[in-house]
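A short reminder: the numbers here are calculations on the coordinates, not readings from a lab. From a predicted model like this one, the values you see are computed outputs, not experimental measurements. Glycine gets a Cβ as well: all are built from the backbone with ideal geometry, and neighbour counts include every protein chain shown.
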Amino acid sequence: MSARDEMLARIRTANAAAGAGPTGRLVPPVEVQHGDVDLFCENVADYRATVVRTREGEVAGAIGRVVGDLGIGSLLVPAGADPDWTTALGPEVSVLQVDDGTAISYDELGAVGATLTSSSVSVARTGTIILDHSAGQGRRELTLVPDRHICVVAARTVVDDVPDAVARLAALGVEQRPLTWISGPSATSDIELDRVEGVHGPRTLVVIVVDDD
Amino acid sequence: MHLREKFLRAKVAVSGANFAVAETGTLVVVESEGNGRMCLTLPETLISVVGIEKVVPRFADLGPLLTLLPRSSTGERMNPYTSMWTGVTPGDGPQDVHVVLVDNGRTHVLADPVGRQALRCIRCSACLNVCPVYERTGGHAYGSVYPGPIGAILNPQLRGVGSEVDASLPYASSLCGACFEACPVRIDIPEVLVDLRTKVVEAKGASAEGVGMGAMGWLFGSAGRLGLAQRAATLAGRLSRGRMPRNLPGPLSGWTNARDLPAPPPETFRDWWMRTHDADGTRRDGSDR
Ligand code: SF4
């Protein structure tokens, strides 16, 4: 008998001995609710991320201003990002296009000024942004090692609460992709339950919220 | 920065997981600082060690659980980072992924009709933060990685009540119920504590306390026996004329170390009642009319 069989047998015996617990669906199906975008912006800002609101067609300008204000010299852009987004950058900014095959060392990544990505789903009530690391969002290390993350959130991707986001991810069929849920810049609350910023993840998070036209 | 360097150079990482989803094979790590993300993303090999109680049936079950955990844990709307991954994603993160599912006493807990609810715990620590015992003893007193009220019911179940610390943990509670009130997954910790006390007593077998309690039960079981015993006690009290010992001998001295042994009264309540009351319960001297 393999360890796995042995364990499964023990679980079955235990369940039989104690009387089976609840079976079937534990959580009723969720009908995804749209999120309040104002609330989303408020909550993201409350976690000390910078929020910039803009409209469809004006995203490049907004990105250009953010990059200029932060004095970013090199901007990493994963393959699949909207090519228009980088059209309003100053001449001093070098753009580093990275596709799935591009090898890039952690030292190089650490030296990048910022990474610019899109996002998959966001949560209004918690100010959370979820990346599924598909096209336009890049593999996980691209938004982990650099010290700044500029993330574009389309207003129509904002859902109400956490269960809505879980349901939306399943509806998009991305549950088995790597998923990163980000609520504000890196922080710890382990010490006396006070949120302290900047430990391991990017220390600067700029969220560009694009309202639908 | 030193730690960051180590993260960037490490070839193998070992992680736990907060949840594991049966339906999709997804593992979930809920964290604050980003060290979890570093560990799950940068090394070539990832080994995740996960207790079998972390397995939830469906992806949708994460909805309520991820809502509850940060709010009960640190009071935040949401923790800074939550990572989910399902096996290997080509070109992204560790390319060699292992999951070790750990039983280590958990199926034993699962087989217990009362104690199995402890496996629902999502390790939010809300019960620790409200526990008056934990507040004073601190985590080390629980002799395990699981401290506080949940530790007091989990450790004796996982390890058995054989050791001194595990046998004492079910008693490390006033049964005030603050933990039950705070628990987001409604684990009735006081209920399990009381159940475990029974197990500790049963495991000990015959003890002086058990014998004493048995004798008391026999005595209180019959009015005649109780009357005789009371009369013997008052007689002893009268004969010793106030020179009754104040401390009990032997193992019973523990009780009288901090308390005086009460002197038996010269008359028992029942004798007093019979002397002063008629058969219908009215006072002979009429003072209750
Ligand atoms: S027993 Fe309940 S309150 Fe305590 S840590 Fe577990 S889930 Fe949280």
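A few comments on the model shown:
- Candidates A:THR23, A:THR13, A:THR50, ranked by Gaussian network fluctuation over chain A, Cα under 10 Å, top entry: A:THR13
- In terms of its C-alpha gyration tensor, the stretch B:2-102 comes out oblate, because a/c is 1.5 or above while a/b does not outweigh b/c.
- Taking the helices alone, chain B has a mean residue ellipticity at 222 nm of -12000 deg cm²/dmol, built from -39,500 (n - 2.57) per DSSP H run of at least 4 residues and averaged over all its residues.
- No Cys partner within the rule (Cβ under 4.7 Å), the protein assembly as shown: A:CYS41, A:CYS151, B:CYS39, B:CYS121, B:CYS124, B:CYS131, B:CYS176, B:CYS183
- Of the residues B:ALA172, B:ALA22, B:ALA182, the one that moves most in a GNM of chain B with alpha-carbon contacts below 10 Å is B:ALA22.
- Rounded FRET efficiency, nearest 0.05, which uses the C-beta distance separating B:SER287 from B:ASN257 and R0 of 35 Å: 0.25
- Candidate aspartates and glutamates - alpha carbon under 20 Å from B:LYS11, same-chain residues fewer than 8 apart omitted: A:ASP107, A:GLU108, A:GLU141, B:GLU44, B:ASP92, B:ASP96
- Modelled FRET efficiency - R0 35 Å, A:ASP213 with B:GLU23, Cβ distances, 0.05 increments: 0.40
- Calculated mean residue ellipticity, 222 nm, chain A: -8000 deg cm²/dmol, from DSSP H runs (n ≥ 4) at -39500 (n - 2.57) each, averaged per residue and rounded to 500.
- The stretch B:153-201 and the stretch B:226-284 have Cα centres separated by 37 Å.
- Cα pair count fraction exceeding 36 Å, expressed as % - chain B: 43 percent
- Trypsin sites (Lys or Arg not before Pro) restricted to DSSP loop in the stretch B:206-267 with at most 12 other C-beta within 10 Å: B:ARG241, B:ARG243, B:ARG246, B:ARG259
- Take every Cα pair under 8 Å whose residues are at least 6 apart in sequence, average their separation, divide by the length of the stretch B:208-276, and the relative contact order is 29 percent.
- Taking a ≥ b ≥ c as the square roots of the eigenvalues of the Cα gyration tensor, chain A is classed as prolate, since a/c reaches at least 1.5 and a/b is larger than b/c.
- With q set to 0.06, 0.07, 0.08, 0.12 Å⁻¹, the log10 of I(q)/I(0) for the protein assembly as shown, from the Debye formula over equal scatterers at the Cα positions, is -0.42, -0.53, -0.63, -1.11.
- For chain A, leaving out every one of the GluC sites (Glu not before Pro) that falls in a DSSP loop and has at most 15 other Cβ atoms within 10 Å, the longest unbroken run is A:93-191.
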